[in-house]
């Protein structure tokens, strides 16, 4: 396993006595060269998990492991520097993830400049090489972010993360802010780079169809907990957890006949707040198969197949 | 053939900005029939929002300007109205809901008061009557404990509930047409399913037509009866939802569908992106707007704007494309997938 | 995909279409416009804004006025031109050279009685009031015909035409003999219109009638005077009758005869010194304070900001007075230093808050996290990422802080709490000008005009800058 977490928790103190349980005990494993997709709706904690994993947030409790070594609970700048050639991130918003006052050369070259092992001339060459690799022109390096479209900016962000040749990349909703026709450009690029560089990825998104397309395995989060994890196709076509079922059934398909044939009536009700959560299953108040046990006890993680786990009392 | 309740002919809208004049909408024509859902689908910048906003008269007229075309609701012109006349039809005959409910509702008024306001202004109802009706409408949009909720402020509502409240407000005056501008883009997928379901149900019970603006083809597949695909300020293809999905004619529609993952795509069958970006609408191309990115582009496509062409005699399916010309070659002979990149060795 | 043209009649008349596959013309990733950095783009935007551009020119002009002006207009602002007190702005006055003054004998008639022979009931006014010779500012010599029954004559001078016997003006003197029919006026004679009136008296009462003469004396100067005033270098070069230009005061002079233009330039130095140095200092401090608080956040931020709130609550005027006393500056002495210190000590919280807010906002941006992931240290983040992105806000703050400080200084000097005479500052010049506002408005008008224009120009420039920089801060699309 390249990356592993054990009961990772991240809570935020908001106001007096208000504890936001953003990530509430997540245990996952990601094998080398694998893409694990992480889906969930707003409030699920998926973005927070991704950031906590690579050290942008200090953990509240639980452990994270990289290549068998435990990662620090709180990363210092030196820790980040040490792990920068291993752990990197692609950010969600192409408009705020690039410093508007820096040229593309500075932005993409920042990682290797900080490392300090290359001359400025070498940095420039590497930046040129990488700009071409992501599908832009090398002479774009003297330009500023505001001159590029969303998709192009996202590619600059990818070049920035990849130029230092990390092993593990967290992609935090890399395509949510882009148009459909451009999303495929970025996805294909990520796929290409993953194969050519032998990367391992955590792909966080809310678009189920895209996650299924991109990832090998898929994990579903609800209110900070893991509800189901398994091979993407299996989770997508044969969801086991009631919430996963709800998600899949709610997800529209670009296929009118299929849509007409669906008789799905969506469950009413909304996600409750992740503040000061108590015991019991998080999904209990919306679940169509809820029982008394669900309200009392937090369901354990049950292995229902060799690589498929569910967190639900129905499978106990 | 059912009557059209809305007919838009050759609508063109421009904006004066500090960088020049943007030709956001360039000759758009469509109609909406009674009781049906028309989806206008396109990516950001294609002009879909501007089109419906100018129908509603909510575009500030400097810097915006309707430079051509006509729009008729039940036979009556709605573009040349005075502000007073526009106020009477806006919100009454046509209701509208927007993308971000958080910013579309007044944060300093209770939900009930906002809906009641519509009724008091347009229907002349008294305050108490209007409020009661508001509670009824909230109930209709499946907000639980409607009476209690009507006294709450927008910040106490979640995103999905706010969208329901906005739908309730738009229904207040029994409009015959509801315009929904990306109503679920900001919502989670489970909430989206609820809202779309609600809209379908209300369409049946209230006998409304819906214009649904979206960039999500999957939502179109779920909701639409007919579809208009927009690109660079023009409608490039329109037809029934089945025609658009199963008999796509315009290269842009084909490109969009190939770029979207569905339950059928697999890792082996890759997504095909559309490379490049939309054209500059300060100086729109003289020919087809999609020319620079089209893998089937021909010589005339660059200089001559193709007219909308029907595909067959027994439907309204049309495509704005020179491929529809009787003398155009078969597409296989034209296909150049990497055409838009200089480095492509197979170009030409 | 073939179609019959019956289906699409609009295609019917279109011929000669080129159906050959079109080769790629240019890469779809091309960017056509030239690259613009943040400042270049902001500058272009600013230039398009006419108001801001004009304001910029005014500010530059003002700077030149202050720095280069005294080199070009070399007049000592403290020098008093006693001959031209409170002069309105005008072209240089011409003066004629004349001889030194000699006493005038006057006209005493021999064949007329000094005492009246009999006392008349009605005593007429003298006739033929005239100037005996050409009137100059050295002396005005008037003469009149004697009046039978007069025992003397009273001479009055007014600056406007008298309307009645009670409006004759300044009594210059009385002749106590009926045959003394002349008078020489040397009392502060200026080159303006005077109305001399003569009233006969019989030794006891004055008559009710009078005669008036309008006299406009020519400005005259003697050679020795001109020499002492530095208008000529050698007496031998000039002779009587030559015309010479007196000291030129384009903006006039104040009540002490000091050249307004030179004082305005000197005042500009004082006003702008305080107006620029004070904001500069307190904005610098505010940047560090606010940046620190915003970057580190948490309890440190809370403490720092509470202290800033406390400083805001302090009363400015009170502190000014306290500092003045503390520095031992008495009334009438120049209080530049305490004013500067008070401005700096009390002015920084606004900037600190602004910068802190900006820093807090920038901290949430993705590029900060990205840089941290790449191993950036705190100081690198601050210098390379945070500060450059606050520059816009800082520049705008500075541009608005300057007119506020200029105005504060002007106000304080005006009420006597700031710079005191003789040190000129626009504010103290206004203070002096108010006293003669009705009679010599130019003394108030010019310093007030300069203050207003400067403050307005800086404010409009600040507005323009905000627009130019801010819309750049918003990302396009």
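Nothing in this text is a laboratory measurement; each read-out follows from the coordinates by a stated rule. In this text, all values refer to a predicted model and were calculated from it rather than measured experimentally. Cβ sites come from the backbone with ideal geometry, for glycine too, and all protein chains shown count toward neighbours.
Stokes-Einstein diffusion coefficient for region A:198-258 at 10 °C in a medium of 1.306 mPa s, Rh from the Kirkwood formula over Cα pairs: what value in µm²/s? It would help to have the intermediate numbers written out before the result.
Values: Rh = 12.3 Å.
Here the translational diffusion coefficient equals 130 µm²/s.
Using the basic label-point model (7 angstrom from Cα toward the beta carbon), what is the residue C:227 to residue C:167 distance in nanometres?
For the pair residue C:227/residue C:167, the computed spacing is 4.7 nm.
Over chain C, what is the mean sequence separation of C-alpha contacts under 8 Å (at least six apart), divided by residue count, expressed as relative contact order in percent?
Numbers: 765 pairs, mean separation 88.0, N = 477.
The value is 18 percent.
Whole number please: convex hull volume per residue of the Cα set in region B:1-70, in Å³?
Normalising the Cα hull of region B:1-70 by residue number yields 90 Å³.
Among A:57, A:241, A:21, which one shows the highest mean-square fluctuation when chain A is modelled as a Gaussian network with alpha-carbon springs under 10 Å?
Among A:57, A:241, A:21, the largest mean-square fluctuation in the Gaussian network model of chain A belongs to A:57.
Note down the nm distance, to one decimal, between modelled labels 7 Å out along Cα→Cβ at residue B:10 and at residue A:272.
For residue B:10 paired with residue A:272, the spin-label model returns 6.1 nm.
Just need the Rg to Rh number for region B:203-249, please, alpha carbons only, Kirkwood Rh.
Values: Rg = 11.5 Å, Rh = 11.5 Å.
On the Cα set of region B:203-249, Rg over Rh gives 0.99.
Please give the helix C:260-296 orientation as an angle from the longest Cα principal axis of chain C, in degrees from 0 to 90, rounded to the nearest 10.
So the helix axis and the longest Cα principal axis differ by about 20 degrees.
According to a simple spin-label model (label point 7 Å from Cα along Cα-to-Cβ), what is the distance in nm between residue C:378 and residue C:313?
My value for the distance between the label points is 2.9 nm.
Of all the Cα-Cα pairs you can form in region C:94-218, what percent are over 23 Å apart? All intermediate terms of the calculation are to be shown ahead of the outcome.
On the way: 2263 of 7750 pairs.
When every Cα pair of region C:94-218 is considered, 29 percent fall beyond 23 Å.
Treating only the Cα positions of region B:140-283 as identical point scatterers, give the base-10 log of I(q)/I(0) from the Debye formula at each q in 0.13, 0.16, 0.18 Å⁻¹.
The Debye formula, applied to the Cα set alone, gives -0.72, -0.98, -1.12.
Could you state the per residue volume, in Å³, of the convex hull enclosing the Cα atoms of region C:342-477? Each step should come with its number before you reach the end.
Working: hull volume 16.8 nm³, N = 136.
Cα convex hull per residue, to the nearest whole number: 123 Å³.
Binning at 10 Å from 0, report for region A:1-65 what percent of all alpha-carbon pair distances ends up in each bin.
21, 53, 22, 4, 0
Computed over the Cα atoms of region B:49-107, what is the convex hull's projected area averaged over all directions, in nm²? List each step's numbers first, then the result.
On the way: hull surface 19.5 nm².
Orientation-averaged projected area of the Cα hull: 4.9 nm².
Which part of region B:108-141 falls in the paramagnetic zone of residue B:74, meaning amide N under 16 Å from the point 7 Å along Cα-to-beta-carbon?
Answer for this model: B:122-123.
How many angstrom lie between the Cα centre of region B:242-314 and the Cα centre of region C:191-269?
For region B:242-314 versus region C:191-269, the Cα centre distance is 91 Å.
Would you mind telling me which residue in B:101, B:273, B:154 has the biggest mean-square fluctuation in a Gaussian network model of chain B, where springs connect alpha carbons within a distance under 10 angstrom?
In the Gaussian network model the winner is B:273.
So what is the diffusion coefficient of region C:218-326 in µm² per second by Stokes-Einstein at 10 °C and 1.306 mPa s, using a Kirkwood Rh over Cα pairs? Before the final figure, lay out each step's value.
On the way: Rh = 20.0 Å.
Answer, rounded: 79 µm²/s.
So what's region A:235-286 giving for Rg/Rh, alpha carbon basis, Kirkwood Rh from the mean inverse pair distance? Spell out each step's value before the answer.
Details: Rg = 13.9 Å, Rh = 13.1 Å.
For region A:235-286, the value is 1.06.
What does the helix-only formula give at 222 nm for the protein assembly as shown: each DSSP H stretch with n ≥ 4 adding -39500 (n - 2.57), the total divided by the residues, and the result rounded to the nearest 500 deg cm²/dmol?
Working: 36 runs with 427 residues, N = 1141.
My calculation for the protein assembly as shown gives -11500 deg cm²/dmol from helical runs alone.
Which of B:166, C:284, A:210 has the fewest other C-beta atoms within 10 Å, and how do the rest follow up to the most? Can you show the working numbers first?
Details: B:166 26, C:284 15, A:210 22.
Starting with the residue having the fewest Cβ neighbours, the order is C:284, A:210, B:166.
Suppose the Debye formula is applied to equal point scatterers at every Cα of region A:174-316; what is log10 I(q)/I(0) at q = 0.09, 0.12, 0.14, 0.15 Å⁻¹?
The Cα Debye sum returns log10 ratios of -0.34, -0.59, -0.79, -0.89.
Given springs between every Cα pair under 10 Å in a Gaussian network model of chain A, which of A:264, A:236, A:91 has the largest fluctuation?
Among A:264, A:236, A:91, the largest mean-square fluctuation in the Gaussian network model of chain A belongs to A:264.
Let me have the relative contact order for chain A, percent, based on Cα pairs under 8 Å that are six or more residues apart.
The value is 21 percent.
Compute the angle between helix B:159-171 and the longest alpha-carbon principal axis of chain B, please, reported from 0 to 90 degrees and rounded to the nearest 10.
80 degrees
Dividing the alpha-carbon Rg of region B:49-147 by 2.2 N^0.38 Å yields what? Numbers along the way, then the final one.
On the way: Rg = 15.8 Å, N = 99, 2.2 N^0.38 = 12.6 Å.
Normalised by 2.2 N^0.38 Å, the Cα Rg of region B:49-147 equals 1.25.
Could you state the number of Å between the C-alpha centres of region A:179-251 and region A:90-126?
Centre-to-centre distance over Cα atoms comes out at 29 Å.
Report the relative contact order of region C:110-230, percent, no decimals, based on alpha-carbon pairs under 8 angstrom and at least 6 residues apart. Don't jump to the answer; show the numbers that get you there.
On the way: 285 pairs, mean separation 38.8, N = 121.
About 32 percent, as a whole number.
Round to the nearest 0.05 the FRET efficiency obtained for residue A:165 and residue C:134 when R0 = 60 Å and r is the Cβ-Cβ distance.
Numbers: r = 102 Å, r/R0 = 1.70.
FRET efficiency, residue A:165 to residue C:134: 0.05.
What percentages make up the Cα-Cα pair-distance distribution of chain B when the bins are 20 Å wide from 0?
28, 55, 16, 1
What do you get for the angle between helix C:316-326 and the principal long axis of chain C? Use alpha-carbon atoms, 0 to 90 degrees, nearest ten.
70 degrees
What's the extension gain from residue C:364 to residue C:43 if we count 0.36 nm per residue and subtract their Cα-Cα distance?
Numbers: separation 321, 0.36 × 321 = 115.56 nm, distance 2.77 nm.
Taking 0.36 nm per residue and subtracting the Cα distance, the gain is 112.8 nm.
Taking the Cβ-Cβ separation of residue B:286 and residue B:81 as r and a Förster radius of 30 Å, what is the calculated FRET efficiency to the nearest 0.05?
On the way: r = 33 Å, r/R0 = 1.10.
It comes to 0.35.
If I histogram all Cα-Cα distances within the protein assembly as shown using bins 20 Å wide from 0, what percent of pairs lands in each bin?
So the P(r) values, bin by bin, are 9, 28, 28, 15, 11, 7, 2, 0.
Taking square-rooted eigenvalues a ≥ b ≥ c of the alpha carbon gyration tensor, is chain C rounded, prolate or oblate, where a/c under 1.5 means rounded and, failing that, a/b exceeding b/c means prolate?
Values: a/c = 3.60, a/b = 2.26, b/c = 1.59.
The shape class here is prolate.
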